[in-house]
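Please treat every number below as a calculation from the coordinates, not as lab data. Keep in mind that this is a model prediction, so the values were computed, not measured. Backbone-built Cβ (ideal geometry, glycine too); neighbour counts: all protein chains shown.
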Ligand SMILES: Nc1nc2c(ncn2[C@@H]2O[C@H](COP(=O)(O)OP(=O)(O)O)[C@@H](O)[C@H]2O)c(=O)[nH]1
Ligand SMILES: [Mg+2]
């Protein structure tokens, strides 16, 4: 209704129309996007594996040192399309088409169907996510994937070819119960790779209803973690803390039999306190977890190890807090974004009404003056008419009656 109203009164600037369309699409899909954001190698992908794919019995999303996610990956359930991986080729960066437009056009994506009954087939298909190829340095530069300074630091000067990811973006439809309930997961690459996809930073992260920021317990909050936090989490959410959680991953690196259970617990609490202080967050939304051990525990059916990995607390937060509040969260976002547009429209309308009222007053004034003048003229005319009438009654041409013009 609001959009119709805007169109009717020609308040349809493209940016606001885009915001409205995004909100409408979000409501239409009724999905909550949960984005995993962190510097590379903090364990985002392993965390997603342990949360969503452990039941397959294998490590589905490729996660290992050096093989970290290079292209943003979206996970959701597409009821009509079934289970698949859709990949957008890296060369699409050369075209001036937005990711949003590509998403509306499935023909531009390479599709690999998933056989959910065959973990090996799926694992094979998921491996494609980290496929790379060699291109010339010029091409890599055009694709935004060549960094002279970084390469020089690694001793690479004027190489013949550069290894680049084959895919720019991946969309995965998978029938996990949480995804079926409307959760959509966004796995992002690290700081450097994020910088080359402005749409991710400017539009996808700000529109995610919830963000899980991942830290590694063995490194604590590093300089690049903080940069990531400031530019990509706080930058996209402002002071909004709702739907924001921090995972302190890799707590297994602190497992130390010599320190004993109490020493270990104290070390975790200390890490949480320090991180909470640096990030200016409540301690309650920082979850110490071991994604790797959780995945292992789930695959092996080891309840004690799963308990030790502390993944359940994070799972409860995701399913109870995030999913159960999904309407509230969506409502909050709609309130905030449409509320802003509406208050702008109200201000504009108020200014127009004020202006119109002033004009009306002026018109009334003119009209009033006109009425006064007409009244005066009417009275004058009436007086003259009476005078003429009086004169005409007394006026008789010699010997003739005026009304009948005969001699009476
Ligand atoms: N020790 C330990 N290593 C982990 C854990 N989670 C992830 N890793 C390792 O950290 C590396 C990077 O993980 P990955 O999920 O690819 O990180 P991403 O770049 O943030 O997506 C891999 O070698 C993982 O095996 C964990 O809980 N404990
Ligand atoms: Mg990754």
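From the alpha carbon centroid of the stretch 224-296 to that of the stretch 22-66 is 18 Å.
In the chain, Cα pairs under 8 Å separated by at least six residues give a relative contact order of 20 percent. Short-range pairs are left out: with C-alpha atoms under 8 Å and at least six residues apart, the relative contact order of the stretch 50-177 is 43 percent. Dividing the summed helix terms, -39500 (n - 2.57) for each DSSP H run of n ≥ 4, by the number of residues in the chain produces a 222 nm estimate of -14000 deg cm²/dmol to the nearest 500.
Expressed as a fraction of 2.2 N^0.38 Å, the C-alpha radius of gyration for the stretch 57-124 is 1.27.
The DSSP beta bridges internal to the chain are antiparallel in roughly 45% of cases. By the Stokes-Einstein formula, at 0.890 mPa s and 25 °C, the stretch 214-291 with its Kirkwood radius over alpha-carbon pairs has D equal to 187 µm²/s. Per residue, the convex hull spanned by the alpha carbons of the chain comes to 265 Å³.
Scattering from the stretch 244-398 was approximated by placing one identical point on each alpha carbon and applying the Debye formula without solvent; log10 I(q)/I(0) at 0.12, 0.17 1/Å stands at -0.79, -1.08.
Highest average first, the peptides 274-282, 376-384 ordered by how many other beta carbon atoms sit within 10 Å of their residues are 274-282, 376-384.
What FRET efficiency comes out for the pair residue 107/residue 343, r = Cβ-Cβ distance, R0 = 41 Å, nearest 0.05? Once rounded, the FRET efficiency stands at 0.50. Solvent-free Debye calculation, one equal scatterer per alpha-carbon of the stretch 1-145: log10 I(q)/I(0) at 0.13, 0.19 Å⁻¹ equals -0.79, -1.36.
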